[in-house]
Amino acid sequence: MTVLQRIENKIYPITTIILLLVVWQFVVVFWHIPKFILPSPIKVIQALMVNFPVILDHTEVTLLESVIGFNISILLAFLLSILMDNYPIIKKSIYPLMIVSQTVPTIAITPIIMIWFGFGMLPKVLLIVLVCFFPIAVSLVDGFEKVDREYMNLFKTMKANKLQTFLHLKLPYAMVHFFSGLKIAATYMVMTTIISEWQGGVKGIGVYMVRAKSAYALDQLFASILVIVIISLIFIYLVELCSKKVTHWKQRGV
């Protein structure tokens with residue numbers, strides 16, 4: 001991709017966002033829409049600046065819960081996917097249950113988790129693990145299974161043992177699939193944390209949103225949504241950056 005193409009790919013979405021914000025501002029001002037119904041973009045930015053210390057305090061809690069749950073999800077996904085790849089009976093036993101677990105809505109199971117584990121950090125982390133674990137684990141299992149048979153045969157002729165084959169062939173090959181699942185999980189991560197904080201909590205951006213909604217302070221509510229969007233984009237960008245570093249051989253077409 002040339003530099004010009006990269007610039008064009010960035011200009012189009014940025015221009016669209018600016019146009020939408022201009023239309024939004026015009027509609028609110030022209031029709032004199034009250035702030036408690038629909039605040040203008042300028043009011044949202046003002047609310048973010050005025051309440052930034054409070055929002056930042058809540059955001060730190062949400063970030064901590066998200067990162068802990070996300071890291072646990074990655075660890076569990078790696079362990080279980082390796083077991084499922086090496087022992088077919090484990091895959092036959094667990095894989096269907098993993099799929100069934102994804103049919104349960106997060107918002108439906110959240111109150112149950114809260115009743116069992118209280119309103120602290122633990123239930124939030126558990127919910128993040130339940131949601132983020134699945135796409136990561138499935139991507140890894142899929143990556144392990146799709147290793148080219150010719151490469152596997154080559155490693156066998158070279159007398160490579162299981163560990164050597166895994167470390168030098170299957171794991172690097174599965175990394176492309178792993179980061180695809182990781183990007184999906186990164187988008188779910190913050191959203192799940194917010195939903196769990198809506199259901200109950202002492203601090204967090206979700207708690208702040210509930211309080212802003214109860215006070216009809218929609219400018220603060222939109223400000224918190226803006227923060228959530230920025231956080232999610234940062235996480236996705238970091239995953240994409242790590243993906244390019246780890247799978248550099250794939251980027252070069254090897």
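The values are calculated or read from the model by the stated rules, or taken from the named source; none is laboratory data. Note that this is a predicted model, so its numbers are computed, not measured. In this analysis, Cβ positions are derived from the backbone assuming ideal geometry, glycine residues included, and neighbour counts consider all displayed protein chains.
Check PHE222, PHE179 and return the single one that is under 26 Å from LEU75 (Cβ atoms), assigned by TED's automatic domain parsing to the domain that holds MET121, touching a helix residue (DSSP H, G or I) at 6+ places or on another chain (Cβ under 9 Å) and modelled with pLDDT of 90 or more. Unique residue meeting the criteria: PHE179.
Residues in the range 33-44 that are in contact (Cβ under 8 Å) with a residue 24 or more places away in the chain and surrounded by 13 or more Cβ atoms within 10 Å (Cβ to Cβ): LYS35, LEU38, PRO39, LYS43, VAL44. Against the list (1) crowded, with 20+ Cβ neighbours inside 10 Å; (2) in contact (Cβ under 8 Å) with a residue 40 or more places away in the chain; (3) among the aliphatic types (A, V, I, L, M), the condition VAL202 fails is (1).
Taking the range 1-116 as the region of interest, the helices (runs of 4 or more DSSP H) fully inside it that hold 3 or more residues being charged (D, E, K, R) are 3-30, 52-86.
Just one of the numbered conditions (1) within 11 Å of the chain's Cα centre (by Cα); (2) surrounded by fewer than 16 Cβ atoms within 10 Å (Cβ to Cβ); (3) β-branched (Val, Ile, Thr) is not true of ILE184: (2).
Looking at the range 68-109, which of its residues are among the hydroxyl-bearing types (Ser, Thr, Tyr) and modelled with pLDDT of 85 or more? Within the range 68-109, SER73, SER81, TYR87, SER93, TYR95 qualify.
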